[in-house]
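This report refers to the structure that appears directly beneath it.
The values are calculated or read from the model by the stated rules, or taken from the named source; none is laboratory data. Keep in mind that this is a model prediction, so the values were computed, not measured. All Cβ positions, even for glycine, are placed from backbone atoms using ideal geometry, and neighbour counts span all protein chains on display.
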Amino acid sequence: MLENSLLQGDTTGARGARSRSRANTTLAGVLVVGLSTACAGSAQRSMQAELERAGVGLAAVPQAGSNAPLGNEGAASELPRFDGTPEPYVTYALVQSHELRASWERWRAATHRVARERRMPSPTLTYAVFVSPVETRVGPQRHRLGVHQRFPWPGELLAGADAATAAARVEQRKFEAAALELRARVLVAYWQLWTLREIEVVEREQLELYESLIEIARGRLEVGQASLANVQQLELGRARLADQIDGLREAQRAAQAALLGAVAAPPDTPTPTTSQLPTLVQPRASEASLRQALVDHPSLGRWQAQAEVGDLRVKEARHARAPGFSVGVDWVEVGPARMDNVADSGKDAVSISVGLELPLWQRNYAEDQRAAQADAAAARAEWAATRDRATAQLGAALSQIRDTARRAALHEDTLIPQAQSALESTLGGYATGDVQFAAILLAERELLELRLAAVQLHAQHAIAWADLEAIVGRSVAGQSAAQPQDPRPEADKP
């Protein structure tokens, strides 16, 4: 289930435990699938229950117009602490994200609009005074008080309430999709920061190699076996590499700010990253099975619910073309009769009225119905377009996973060991005078490029895996990249 992938890991300390608990509550409600019911009131109650479950652990709504400087939210409390693995960042983001809170509030607003659609028209209270009283046998009519109630055609209110419930379901699916997108965005930001830090580690090791080469070149210069140009060329390479490392520090600050922004953490929060390479894995499920799982993605469910809204609005527009009814009661205050001994003198009159609302503008009402039909058709077209994009993205993500796993394994197992051996052989040959100085620079550059490429390939593999789970909408079980992938659908596996 997606909840498992979204809630793995935790922040350390008591604050991390609280965040994990709140995130569990939040994500348990994020992906709850409500049961459709025929009764609008029952559907609304079900929606309210799902809404409350999803909103328990979300961040509080900030005060608009606050004069507190940005980042002071964490000044009065302990800063979050992360253990360096990516999942605690995801857990914290799902709890603290104001963007996710905003999506939940839109869902809440849509849920509360359901009651408005089911509301009966307000009754009308009328009062009239007879400027010229109407004389009757029992006395003059002086005042009239009436109450009238309009009743729409049976089914019109229920259709509107059902459409509003479906519209709230659209916002729910948007909320669920926002949670998936947030998780992927946090993981991408994490692995980008990890890449920059690992590149710095590799380049610092290469900087130490430059120092060793410079010492060797200076020693050979003293005995006349090397030229000053060789030493200067190495010093130039060292200076350029040191400049790259300084540039990496600034890039890391920018990447750290991006990660903290994605998780909604205070700016001064430490952002440790793991020192281990991401594991190279392949999806255990076949591509066909993953493609079948796309139909349950919230992004597709959103358009399914939107099409349902259009269908129900068509039904509502059809009911609106039928006549409405109204019932009224009028009380007429009658004064005393002008003549004496009149039976029922001053007796008030009461009347009951029934009205029929005539929908004369049928052609205009038909336009509302056609507009709703067009909205439903547009939603179905969007569903198909989203499905096509997701299918293409799934294929691209799987291709990226396979390619990065293959190339990263090739770099680790073959290319980097070969480059290291070549550099060692070149250094040995240079010490004996059998190898030219240019060969050392070439071997050193090859090793550096291969090590940097290996780091980037591992990060690209981890990012592609995060994209895959965001595309599928749930966690994806993996297996070692060296193991063959089972081509059978998931349902056919033992």
query: Hey, does the stretch 449-456 have a residue that's of a type in the set (V, I, T), at pLDDT 90 or above, under 30 Å from D296 (Cα atoms) and buried (at least 20 other Cβ atoms within 10 Å of the Cβ)?
result: no
message: Looking only at the stretch 337-362, count every residue that is part of a loop (DSSP other than H, G, I, E, B), touching a Pro at 6+ places or on another chain (Cβ under 8 Å) and closer than 30 Å to A161 by Cα and tell me the total.
response: 2
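Pick from A128, A110: which is closer than 30 Å to R150 by Cα and surrounded by 14 or more Cβ atoms within 10 Å (Cβ to Cβ)?
A110
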task: Only residues that are farther than 17 Å from V329 by Cα, out of contact with any Gly (no Cβ under 7 Å at 6 or more places or on another chain) and in contact (Cβ under 8 Å) with a residue 12 or more places away in the chain: list them for the stretch 134-153, please.
output: E135, T136, R137
- prompt: Of the residues L207, L182, L196, L157, which is under 30 Å from W331 (Cβ atoms), under 43 Å from the mean Cα position of the chain (by Cα) and part of a helix (DSSP H, G or I)?
  reply: L157
statement: Selection from the stretch 322-336 of residues under 60 Å from the mean Cα position of the chain (by Cα) and outside any strand (DSSP E or B) yields A322, P323
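For the stretch 337-376, what are the residues that are under 60 Å from the mean Cα position of the chain (by Cα), surrounded by fewer than 10 Cβ atoms within 10 Å (Cβ to Cβ) and modelled with pLDDT under 90?
Let us first name the residues in the stretch 337-376 that are under 60 Å from the mean Cα position of the chain (by Cα), namely 351-376.
Still in the running and surrounded by fewer than 10 Cβ atoms within 10 Å (Cβ to Cβ): 352, 354, 356, 358, 360, 362-363.
L356, L358, L360, Q362, R363 - these are the residues of the stretch 337-376 that are under 60 Å from the mean Cα position of the chain (by Cα), surrounded by fewer than 10 Cβ atoms within 10 Å (Cβ to Cβ) and modelled with pLDDT under 90.
Which of the residues spanning the stretch 102-128 are of a type outside the set (G, A, S) and either closer than 23 Å to G355 by Cβ or in a loop (DSSP other than H, G, I, E, B) (or both)?
R118, R119, M120, P121, P123, T124, L125, T126, Y127
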message: Among the residues that make up the stretch 234-245, is at least one of them in contact with a Lys or Arg (Cβ under 8 Å, 6 or more places away or on another chain) and either part of a helix (DSSP H, G or I) or surrounded by 14 or more Cβ atoms within 10 Å (Cβ to Cβ) (or both)?
response: yes
query: Which condition number does M120 fail, the rest of (1) among the hydrophobic types (A, V, I, L, M, F, W, C); (2) surrounded by 13 or more Cβ atoms within 10 Å (Cβ to Cβ); (3) at pLDDT 75 or above being met?
result: (2)
- prompt: Considering only residues of the stretch 256-313 that are among the aliphatic types (A, V, I, L, M) and over 29 Å from P88 (Cα atoms), which is farthest from the chain's Cα centre (by Cα)?
  reply: L312
- request: Determine if the stretch 252-273 includes at least one residue that is at negative phi, among the charged types (D, E, K, R) and outside any helix (DSSP H, G or I).
  value: yes
query: Can we say R389 is of a type in the set (D, E, K, R), within 43 Å of the chain's Cα centre (by Cα), farther than 30 Å from G160 by Cα and in a helix (DSSP H, G or I)?
result: yes
- prompt: From the list T271, T279, which one is touching a Phe, Trp or Tyr at 6+ places or on another chain (Cβ under 9 Å) and hydroxyl-bearing (S, T, Y)?
  reply: T271
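Looking at the structure I just gave you, is I416 crowded, with 17+ Cβ neighbours inside 10 Å, at pLDDT 95 or above and of a type in the set (V, I, T)?
On the way: crowded, with 17+ Cβ neighbours inside 10 Å: yes; at pLDDT 95 or above: no; of a type in the set (V, I, T): yes.
Against the criterion (crowded, with 17+ Cβ neighbours inside 10 Å, at pLDDT 95 or above and of a type in the set (V, I, T)), I416 does not qualify.
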- request: Write out, first by first residue and then by second, each pair whose Cβ atoms fall under 8 Å of each other, whose residues are 6+ apart or on separate chains, and whose first residue, in the stretch 220-248, is without any contact (Cβ under 8 Å) to a residue 24 or more places away in the chain while the second is basic (K, R).
  value: V231/R218
- prompt: Is there a residue being surrounded by fewer than 14 Cβ atoms within 10 Å (Cβ to Cβ) and in a helix (DSSP H, G or I) anywhere in the stretch 295-307?
  reply: yes
